[in-house]
1. In the stretch 159-215, which residues are among the basic types (Lys, Arg), in a loop (DSSP other than H, G, I, E, B) and away from the ligand (no atom under 12 Å from the Cβ)?
2. Take residue 116 and decide whether it is open to solvent by 10 Å² or more (accessible area, probe 1.4 Å), touching a residue at least 12 places away in the same chain (Cβ under 8 Å) and assigned to a helix (DSSP H, G or I).
3. Are there any helices (runs of 4 or more DSSP H) wholly within the stretch 233-326 with 2 or more residues that are in contact (Cβ under 8 Å) with a residue 12 or more places away in the chain and more than 30 Å from residue 30 (Cα to Cα), and if so which?
4. Take residue 92 and decide whether it is over 24 Å from residue 159 (Cα atoms) and within 16 Å of the ligand (Cβ to nearest atom).
5. Quick one: is residue 176 modelled with pLDDT under 95, touching a helix residue (DSSP H, G or I) at 6+ places or on another chain (Cβ under 9 Å) and not polar (S, T, N, Q)?
6. Say whether the condition of being closer than 23 Å to residue 174 by Cβ, of a type outside the set (A, V, I, L, M, F, W, C) and not in a strand (DSSP E or B) is met by at least one residue in the stretch 353-361.
7. Kindly indicate whether residue 97 is within 16 Å of the ligand (Cβ to nearest atom), surrounded by fewer than 20 Cβ atoms within 10 Å (Cβ to Cβ) and not in a loop (DSSP other than H, G, I, E, B).
Amino acid sequence: PMKRNILLNPGPATTTDSVKQALMVPDICPREQEFGDLTQAVLNKVVQVVNGESTHTAVIFTGSGTAGVEAALSSVVPPEGKILILDNGAYGKRAETIIQAYGIPYRTHRLVWGDYPDVDAVEAIFKEDSELTHFVFVHHETTTGMLNPLPELLELCQKYEIDSIVDAMSSYAGLPIDMRELPIDYLISSSNKCIQGMAGTSFVIANKEKLAKTAEIPPRNLYLNLWGNHSYIEKTGQFQFTPPVQIVYALNQALDEFFVETQAGRTARYVKSYETLLDGLETAGLELLLPKSQHSKLLTAIVEPNSPGYDFMEMHDYFYQNDITIYPGKGAKQDTFRIANIGEIDYRDMLVFNKLLLQYFEEKKIS
Ligand SMILES: *Cc1c(COP(=O)(O)O)cnc(C)c1O
């Protein structure tokens with residue numbers, strides 16, 4: 001077996017040995033039928049994770065998660081449309097940066113990073129601004145570990161006939177999302193977070209009817225055009241551009257392992273790790289950025305101790321020497337560091353983390 005590192009950064013996450021081994025395949029030209037069949041199977045499974053088989057289809061892109069977000073945002077808003085962006089973290093802000101780069105009409109509902117969205121405030125914007133046609137928000141805002149109110153925001157979208165674009169990068173396959181109950185128009189995720197595959201692909205799970213309507217929108221790009229990629233793959237059964245062949249094999253393996261574990265099993269494993277982590281943080285006397293009711297239970301933002309012995313990079317190196325990777329904060333309203341509990345790890349790894357944390361705090365006299 002390969003050396004096992006415990007990644008507590010929010011993706012790329014720790015993978016199984018069998019997913020790593022799936023990268024090792026005989027060389028194959030991705031224009032072969034065999035690879036086309038694999039691609040189709042992967043796309044079907046990607047949709048199945050969120051029970052979208054009857055309503056949705058997946059479009060896959062080579063690139064990290066942001067490629068999928070950029071593909072959706074650049075491709076689905078018609079020239080006469082306007083999009084509302086919820087910015088309560090770095091990924092909401094990134095959506096705005098993309099929209100600005102494409103010159104798409106928009107409006108931003110901006111909150112301090114770590115503040116919880118007020119659904120009534122969003123509704124007031126929908127009511128007041130009749131030009132709005134689309135709404136993009138993040139499901140799990142990885143900046144803070146906040147789970148934004150997905151069902152409530154979707155309900156508003158339905159009420160005001162606004163198309164929803166949900167960045168579910170770090171929640172997809174980690175938390176249950178059932179498209180039969182939560183009719184998201186465009187959901188975006190990637191291969192390397194809670195689905196536990198390798199980094200290198202991103203996908204947009206699109207409502208078939210909504211996607212078909214985007215065929216009329218003059219393309220703003222080529223490589224990341226949603227309709228362009230979708231129609232090519234429909235016609236030919238192949239990726240439009242050279243795919244990351246081995247990453248797709250690994251994703252297929254990761255998807256199979258997801259269905260063996262089941263969504264309920266994976267969520268339960270992650271939640272147990274989260275609860276174990278919280279015990280350790282409490283013992284260490286650490287304060288959390290968010291109230292527990294807002295936690296994703298996938299990533300926790302921890303307020304940095306105000307103690308002269310504390311230095312994040314030093315602490316990072318201490319953990320890294322012990323094969324554990326921890327993660328810094330990213331612009332939240334208080335200075336934090338972050339611990340994710342996604343990937344092929346479980347509560348026993350969190351017990352190791354907790355023990356090392358206490359040891360380190362004692363050594364450095366951090367309290
Ligand atoms: C990881 C992540 C992304 C994508 O980031 P990449 O660096 O492109 O992989 C986008 N949105 C959210 C919420 C994320 O957690």
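The values are calculated or read from the model by the stated rules, or taken from the named source; none is laboratory data. It should be emphasised that the depicted structure is a prediction, and the values quoted were computed from it without experimental measurement. Methodologically, a virtual Cβ is constructed for each residue, glycine included, from the backbone with ideal geometry; neighbour enumeration extends over all protein chains shown. Surface areas here come from the heavy atoms of the whole protein model, side chains and all, with no ligands, DNA or RNA. Shrake-Rupley method; radii C 1.70, N 1.55, O 1.52, S 1.80 Å.
1. 180
2. For residue 116, the condition - open to solvent by 10 Å² or more (accessible area, probe 1.4 Å), touching a residue at least 12 places away in the same chain (Cβ under 8 Å) and assigned to a helix (DSSP H, G or I) - is not met.
3. Output list reads 263-283, 312-321.
4. Spelling it out, it is not the case that residue 92 is over 24 Å from residue 159 (Cα atoms) and within 16 Å of the ligand (Cβ to nearest atom).
5. no
6. There is at least one residue in the stretch 353-361 that is closer than 23 Å to residue 174 by Cβ, of a type outside the set (A, V, I, L, M, F, W, C) and not in a strand (DSSP E or B).
7. yes
For every residue, the table says whether it meets (1) basic (Lys, Arg); (2) under 13 Å from residue 75 (Cβ atoms).
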residue: 188; (1), (2): no, yes
residue: 212; (1), (2): no, yes
residue: 220; (1), (2): yes, yes
residue: 234; (1), (2): no, no
residue: 238; (1), (2): no, no
residue: 246; (1), (2): no, no
residue: 250; (1), (2): no, no
